[in-house]
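Here the structure comes first, spelled out in structure tokens, and everything after it is commentary.
Bear in mind these aren't lab numbers, they're just calculated from the coordinates by the rules spelled out. In this text, all values refer to a predicted model and were calculated from it rather than measured experimentally. Note that we place each Cβ from the backbone using ideal geometry, even for glycine, and neighbour counts take in every protein chain shown.
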């Protein structure tokens with residue numbers, strides 16, 4: 001993370017820009033959790049320090065276990081960098097926080113304690129936060145050596161005089177979530193005085209509390225603060241289950257005693273030899289029932305699931321094969337990586353179609369470009385004839401695919417598939433993309449069918465692998481010879497093969 005901190009420090013010192021940093025510690029059960037860091041730099045910072053827009057290297061952070069996302073371009077010209085790292089125990093949290101800017105730079109004395117007792121678990125967090133670390137801490141030793149001991153290439157006082165006060169440029173926010181629950185949660189803070197001693201709590205230091213999350217906000221120049229929070233998680237069912245277990249234990253003991261007495265009476269009354277023969281017969285019948293239960297049941301075809309892209313319409317990869325050419329044909333100056341990033345958020349349901357076109361600078365004509373894009377899809381030959389035959393056999397059809405909900409509904413109407421396709425679930429509906437399990441699980445719930453009784457057709461082998469792992473029957477759909485890839489799934493050469501009752505394996 002040191003490369004990001006260095007660039008942000010340079011941004012603060014070269015112009016009157018704005019850089020905000022947010023650190024969110026989320027504590028889960030057993031003392032594990034995540035640390036999420038979000039850097040937001042405004043357009044002025046990006047213009048003065050171009051490295052913020054793509055020149056930063058995060059290899060060291062990724063090697064240390066951080067999942068880094070960004071830089072992501074914001075609509076206002078700024079950028080956002082997001083990094084997340086898990087800690088598996090309370091003892092690992094101080095080390096993770098040290099990795100942000102160095103030891104004892106921002107966070108010191110970090111303590112996370114978990115105490116368990118019967119039906120209750122308590123959590124306590126405490127840390128000293130310095131929102132005004134020395135600006136030298138944002139420098140780099142290698143740069144200092146190059147510039148004759150000046151870590152930023154010039155005397156720090158000269159840079160501050162030119163840039164203005166860091167208090168107006170640097171914002172810091174610390175959020176703490178102690179077990180997301182409805183139980184009692186308490187947070188507090190106190191400032192350090194000039195002599196380093198803690199002073200009484202002050203109103204302006206009080207955190208904002210929302211549920212089990214506390215938020216402290218600082219500006220550069222604020223005094224060091226000690227923050228703390230605690231919560232108590234109560235298991236209201238534990239005493240009840242203890243009483244139930246006691247009653248159950250007494251009842252079970254009485255049952256065992258009754259069974260033992262009954263067996264003893266039956267043994268005494270049965271003629272010699274009859275008891276052993278009856279026991280053998282019971283054992284044989286039990287073995288037969290167990291063998292029958294372990295035999296795989298016959299697969300019943302109760303639902304046909306098809307991939308929207310590749311099985312209903314072409315192309316199979318609409319983003320690269322269709323969306324990018326349409327948008328770049330309208331405005332070739334748009335960054336293709338920006339299109340890919342916004343499209344990923346769109347298909348996950350995190351952006352609306354209007355926000356998508358607005359972020360690309362096509363807001364006024366976005367609807368027209370969208371219509372031209374959706375109209376460019378081609379139905380796979382033989383689709384409607386195949387669906388008519390499936391309908392005549394009373395076999396329902398469900399469609400799944402990676403696309404935003406609004407585009408999916410429009411494409412379904414344009415292809416006249418409202419009646420012939422019973423269910424149309426896309427990634428925008430569930431917030432997950434294929435080959436994740438969510439779309440298949442959602443289809444199973446909507447159609448009330450066991451996945452074991454479903455046949456899934458797709459032109460993407462990775463999607464078929466995921467469906468097969470969930471127990472579905474699969475078919476690799478290749479509408480043309482050039483589409484055929486090497487796969488272990490049954491090969492179906494377009495709808496003509498199905499209509500003629502023909503399919504082959506690879």
- Sorting 110, 446 on the 10 Å Cβ count, fewest up front, what's the list? 446, 110
- Task: At 7 Å along the Cα-to-beta-carbon direction for both residue 320 and residue 128, put a label point, then send me their distance in nm to one decimal.
- Result: 5.4 nm
- Query: What list do you get for 477, 377 if you sort them by fewest beta carbons within 10 Å?
  - Reply: 377, 477
- Query: At a Förster radius of 35 Å, what calculated FRET efficiency corresponds to the Cβ-Cβ distance of residue 28 and residue 287, to the nearest 0.05?
  - Reply: 0.15
- Got a sec? How would 406, 99, 416 order by Cβ neighbour count within 10 Å, fewest to most? 416, 406, 99
